[in-house]
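Report on the following structure.
The values are calculated or read from the model by the stated rules, or taken from the named source; none is laboratory data. Keep in mind it's a predicted model, so treat the numbers as computed, not measured. With ideal geometry, Cβ positions are generated from the backbone for all residues, glycine too; neighbour counts draw on all protein chains shown.
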Amino acid sequence: MAIIHYQFEAIHPFFDGNGRTGRIILLLYLKMTGLLDLPALYFSNYIIQHKDKYYTNLRKVTEEGNWEDWIMYMLDMVEQTALKERSQIAEIEKLMNEMGTEIQQKLPKIYSKDLMEELFRLPYTKRNQLEKTGLGNLKTVGNYLKELENNGFLKSEQVGKEKLYLNFKLVEVLRVK
């Protein structure tokens, strides 16, 4: 993986987008080799935070043939990113359980596992999304969303002609830290 990434970055085949493409190739390689089920690690944040080390180690391979520091950097990147994202997933699961319990207590008539899954599928939802999941007609799901907003679970925002309902606590967990 480290060798593939180095070779791609050394060739630098495109005028723009080499970094993004290189990171996508890393994810696809990890998926292809069975090390990831989904290509869902976000390496960009780690690379940005350790940019000097990234470029120093790249240059050391080119100028000195020093692969060890480069490989160790890449392994550390994968490990630290995976640990951070595992922690974030645990936070999301905890939030989903806590919010589910609270909704079940405050709004038992609208609570369902399907509703909870939909509220956490994306950081926002809208009436027609909920209707498509079979949770009710537009009027019913609109009432659910209003109740969730009135009870502090969601915040609405008008975007063009549509009203989006934001799971603001989920957004906070998803923010890059």
Worksheet, complete the sentence: Over the range 114-142, the set of residues in a helix (DSSP H, G or I) and either in contact (Cβ under 8 Å) with a residue 12 or more places away in the chain or among the acidic types (Asp, Glu) (or both) is 114, 115, 116, 117, 118, 119, 120, 127, 130, 131, 141, 142
Fill in: Check on residue 92, outside the structural domain of residue 153 (by the TED database), within 26 Å of residue 167 (Cα to Cα), in a helix (DSSP H, G or I) and touching a residue at least 60 places away in the same chain (Cβ under 8 Å)
yes
Item to complete: Would you check if residue 82 is in contact (Cβ under 8 Å) with a residue 40 or more places away in the chain, part of a helix (DSSP H, G or I), among the aliphatic types (A, V, I, L, M) and under 20 Å from residue 41 (Cβ atoms)?
Response: yes
Worksheet entry | Test result for residue 158, in contact with a Phe, Trp or Tyr (Cβ under 8 Å, 6 or more places away or on another chain) and surrounded by fewer than 16 Cβ atoms within 10 Å (Cβ to Cβ) | no
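Does the range 101-108 include one or more residues that are outside any helix (DSSP H, G or I) and surrounded by 14 or more Cβ atoms within 10 Å (Cβ to Cβ)?
Yes.
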Worksheet item: Between residues in the range 36-60 that are at negative phi and residues that are of a type in the set (S, T, N, Q), which pairs lie under 7 Å by C-beta distance while being six or more apart or on different chains?
Response: 41/81; 42/81; 43/81; 46/80; 46/81; 60/66
Worksheet item: Could you count how many residues in the range 55-68 are buried (at least 16 other Cβ atoms within 10 Å of the Cβ) and not in a helix (DSSP H, G or I)?
Response: 0
Worksheet entry | Condition check for residue 13: out of contact with any strand residue (DSSP E or B) (no Cβ under 6 Å at 6 or more places or on another chain), at pLDDT below 90 and assigned by the TED database to the domain that holds residue 79 | no
Worksheet item: Out of the residues in the range 155-170 that are within 20 Å of the chain's Cα centre (by Cα) and not in a strand (DSSP E or B), which is nearest to residue 87 (Cα to Cα)?
Response: 170
Worksheet item: What number of residues in the range 31-54 are in a helix (DSSP H, G or I) and either over 30 Å from residue 173 (Cα atoms) or of a type in the set (D, E, K, R) (or both)?
Response: 4
Worksheet item: Among (1) modelled with pLDDT of 95 or more; (2) over 30 Å from residue 46 (Cα atoms), which single condition is residue 73 missing?
Response: (2)
Fill in: Criterion (within 17 Å of residue 7 (Cβ to Cβ) and among the basic types (Lys, Arg)) met by exactly one of 86, 23
23
